[in-house]
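So the structure is just underneath, and the comments pick up after that.
The values are calculated or read from the model by the stated rules, or taken from the named source; none is laboratory data. Treat the numbers as computed from the prediction; the structure is a model and nothing was measured. All Cβ positions, glycine included, derive from the backbone under ideal geometry; neighbour counts span all protein chains shown. Accessible surface areas use protein heavy atoms only, side chains included; no ligands, DNA or RNA. Shrake-Rupley method; radii C 1.70, N 1.55, O 1.52, S 1.80 Å.
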Amino acid sequence: MTDTRTADSLEPRKTPVRAALASFMGSAVEYYDFFIFGTAAALIFPHIFFPSGDDAALVMSLATFGFAYIARPIGAVILGHYGDRIGRQRVLMFTLVLMGIATFLIGCLPTFEQIGWLAPGLLVLCRLMQGLSAAGEQAGASSLSLEHAPDNRRSFFTSWTLTGTQGGQILAAFAFLPVTLLDDDNPFKYEWAWRIPFWLSAVVVIVTFYIRRTLHETPTFEDAKASGEIAKIPLIPLMRDHWRDVLRVVLCAFIAAVSTVFGNLAIAYGVAVGLAESITLWLVVVANIVALGTQPLFAMLADRIGRKPVFIYGAISSAVFMPFYMLSMTGDNTFLVFVLAVLTFSCGYAAANAVWPSFYGEMFSARVRFSGMAIGTQLGFLMAGFAPSIVAAFGGAQEGGWVPISIFTGIICIVVTLSALTAKETKDVPTETLGLKVVA
């Protein structure tokens, strides 16, 4: 049965499994596209989109990865507005198509040798399109899943939005592995091979489009619309009633820098200290595969003991494990490197990653939830976007780089932990009253 209305009522009913599947697939598309860009920025783009032999090529290339995060706050305001005005599902269809077009176009771009500085300029333009899309995707998908989920399982169902990011990164790594196996002196590697993973994203977009188009709007949003609670300009009540929550989400969202350091900068660092490119990608693949299993478990734990303790554990453990993971890359024990990769990402960072969709989303009322999550996370994700290039500029992508990487991760996680401690626990608050001010 696909009807979302009960037999004896005109009220739309919740469909948490369908919402979680649609959110999972949407995030998989977004982060397939984001991860192949990040991998290419570390391994391919310095050679083809910037002057050959330029020592700053890697830093500039990693900076293109960060440009999407400049567009994301702008996109968050625009897409958040429409997500709270016309609905979550319609905006999510737009973000899906925009990401697919931008990623396919990247695979078609000419190189620096062909058109000079216009090449990185076009690359940045496509990256900005990706950023606009991503600005609404996770916030919208998290809002959708949260509002479809039963009260006592909100963390579990919303976690599938972020588990989709693991699925996307796994697909992306497998798509890019054949490229890394080609020798550097093989002209096919830098001429055409790297383009294929970008073109393959079209397949994932088409599949997700057909899954998402059948999903109905959330009952919570429909109720707010029927009762006239939809704000004409959601940004006004958001900043008036929830500015502290927005600031808290901004600072907590710094935790995403752990993911970009782990998944992008660590690849460049691993190659610098002697690991094969294919090994560095396998580290990401294995860690993400394990996270597919650990993230739902962390989310289930958050439904039992609360969002805050699980989220804070994720931040603290990321800071503790990261130095050991980086140091292991300089040794000869490949098995140990994989173990520490799993501990750092799958058993540490994954806890915060699984819980933040419910942790952040439950801070806001339905009328501003999309906007609040989108704006808060995207401002915070600026740190994640530029983390690889910032730390690389301080020597994070060369021998001895484990020191600046570890210090940076530690500082970020301290800020995140202190910010999370100021939040209220919301696991037992009914969905309908989330984010509402209590009047004595």
Residues of the chain: accessible area per residue at 1.4 Å, in Å²? 38
Treat each spin label as a single point 7 Å out from the Cα along the C-beta direction, and report the Leu292 to Ile230 distance in nm. 3.8
State the extension gain, in nm to one decimal, for the chain segment bounded by Trp192 and Phe324, taking 0.36 nm per residue of separation less the distance between their alpha-carbons. 43.8 nm
What's the extension gain from Asp183 to Val339 if we count 0.36 nm per residue and subtract their Cα-Cα distance? 53.4 nm
So what is the calculated 222 nm ellipticity per residue for the chain, using -39500 (n - 2.57) for each DSSP H run with n of 4 or more, over all residues, to the nearest 500 deg cm²/dmol? -23500 deg cm²/dmol
Within the chain, which DSSP H helices have Cα atoms that stretch 30 Å or more along the helix axis and a mean Kyte-Doolittle hydropathy of at least 0.5? 16-43, 57-85, 118-148, 154-180, 277-305, 307-328, 369-393
Which of rounded, prolate or oblate describes region 272-320 when judged by the alpha-carbon gyration tensor and an a/c cut-off of 1.5? oblate
With a 1.4 Å probe and all protein chains left in place, how much of the accessible area of region 193-283 comes from carbon and sulfur atoms, in whole percent? 65
Qualifying lysines (Cα of each under 30 Å from Cα of Lys225; at least 8 residues distant if same chain): Lys14, Lys424, Lys427, Lys437
